[in-house]
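Inspection log for the structure reproduced underneath, given as structure tokens.
The values are calculated or read from the model by the stated rules, or taken from the named source; none is laboratory data. These numbers come from a predicted model, not from an experiment. Cβ placement follows ideal geometry from the backbone for every residue including glycine, while neighbour counts extend to all protein chains displayed. Each accessible area value is taken on the protein alone, full model and side chains, heavy atoms only, with ligands, DNA and RNA left out. Shrake-Rupley method; radii C 1.70, N 1.55, O 1.52, S 1.80 Å.
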Amino acid sequence: MFGGQVIPPSKSPHLRKSGSRPVVFDLDKEEGNVEMEGLLHSTGSNDLKIASLPITTAAIMPSPILLWRFKVLLFFLWGFICCKIGWDSVMRMSVNLRDLFLYEAFLYYNPLLLVTMMVWLWGVNLWVFAQSTISYAKIFDLDQTHLTHREIWKVATWMTIIVPTSMTAYLYLYSHGEVSLAASQPVLLYCAVSLVLIFPFDIFYLSSRYYLLRTLWRIVFPLQAITFADFFVADILTSMSKVFSDLERSVCRMVHRQVATIAWFEADSVCGSHSIGIPIALVLPYIFRLFQCLRQYKDTKEKTTLFNALKYSTAVPVIFLSALKYHVLPDSWTNFYRPLWLLSGVINSLYSFYWDVTRDWDLSCFTRIFKYNKPSLCSYLLHGRKWVYFWVIGSNFILRLAWTYKLSAHLRHNYLTVFTITALEMIRRFQWVFFRVENEWNKMSSKSNLQLSEISSEEDKLLSPNDHNV
């Protein structure tokens, strides 16, 4: 009557833990009461400790927004330190050597800086595609482990940190008389980038790195059917021909141990500005793309691929006629080769502009790209607006003409102007990516819709009772 299971009231401060064993005691035994009180007290204290643990952990861990702001602050602080050290190092040099030294520094670090810029822009492309209705993974035939825009931006962030840091170390060491250590900085950077690309272990996005390397291999050796990813990357490489020419000269000087030496004064040296390797490096991306078009014609027999091949072949006279300036008499250049160079440059620019607008874009601009799944301010400002059409077509025309300047080997002396024009060409290609991918997605969608309509029509014919007699 007085013994058995006792259930404490719901308002009791000593409620047992959910899921624990029921407490049984005898009210007639004093020791049982003492044990019961101790057990309930310990259970309640444990509950309080367990409940307080998440609060303590949450209080220790900073918020993600605070962490992000802290990283941004460190990034800008690092940028300020690099600019300060680099500026002070340049100011230590004499006025006569300053410009030539900056020209050489830009030669070594300009290619990787431009590649870093292109990686940032590619991340923006992927971000826009992720917000829109375009499935870029399906277009490029990517697997589930492909890099998202966040991962692309993470890679670009590390590149933004490492490349300028190496450049700052190069400037500082050279200005303080450590020439051998300064010369090792670009060499170590190039070796590190090469090792990261070919590193065989499953770190640093192994599948994505090997996907890029396989694509580059197929571009150089088009021995199989050309996929969309193949000629898409090859088109981007044509905008980076300046990167290839600077890489050629940089690696040439590293191999011949001319880094941070007096050899930069000698334009006719083996790695000088008059080297035949410069126009060869400039023309290689166009030759690769030309062979791809010929391979496509072999597979598909479409005549448009031949006209596309003709477009890329028009870049060859621009590059080699410009290079002839250093190998012919001045009168011959002024009276004969220079007019030919100007004519070939105009033909290449106009032909490329026409092909961009009518073929690569197919005049279907922004039908899907800036129509986001969730409407936003960006979608409202860009989707279907006429000013976007005028801006994109006009800027593409102007930058196509300006790019001819960069293809000309004899117009390389003002490195800041050349760097600016190359960066603008990257932005033009960044715009081009939106339209080209959208056009390909429209083609894929129309083909799938056509196949579905054909299947449905065949089913209707099979189910139609007109041809069946009972």
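Tabulated data for the structure shown
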item	result
L107 being touching a helix residue (DSSP H, G or I) at 6+ places or on another chain (Cβ under 8 Å) and open to solvent by 20 Å² or more (accessible area, probe 1.4 Å)	no
Flag if Y205 is closer than 19 Å to T116 by Cα and open to solvent by less than 20 Å² (accessible area, probe 1.4 Å)	no
Residue match in segment 126-142 (condition: without any contact (Cβ under 8 Å) to a residue 24 or more places away in the chain, open to solvent by less than 60 Å² (accessible area, probe 1.4 Å) and small (G, A, S))	yes
Wholly within segment 64-154, helices (runs of 4 or more DSSP H) carrying at least 1 residues that are touching a His at 6+ places or on another chain (Cβ under 9 Å) and of a type in the set (A, V, I, L, M, F, W, C)	95-131, 136-139
Answer from V283, V233, V255 - the residue that is surrounded by fewer than 20 Cβ atoms within 10 Å (Cβ to Cβ) and within 30 Å of F101 (Cβ to Cβ)	V255
So A309, is it without any contact (Cβ under 8 Å) to a residue 24 or more places away in the chain and either touching a Leu at 6+ places or on another chain (Cβ under 7 Å) or on the phi > 0 side of the Ramachandran plot (or both)	yes
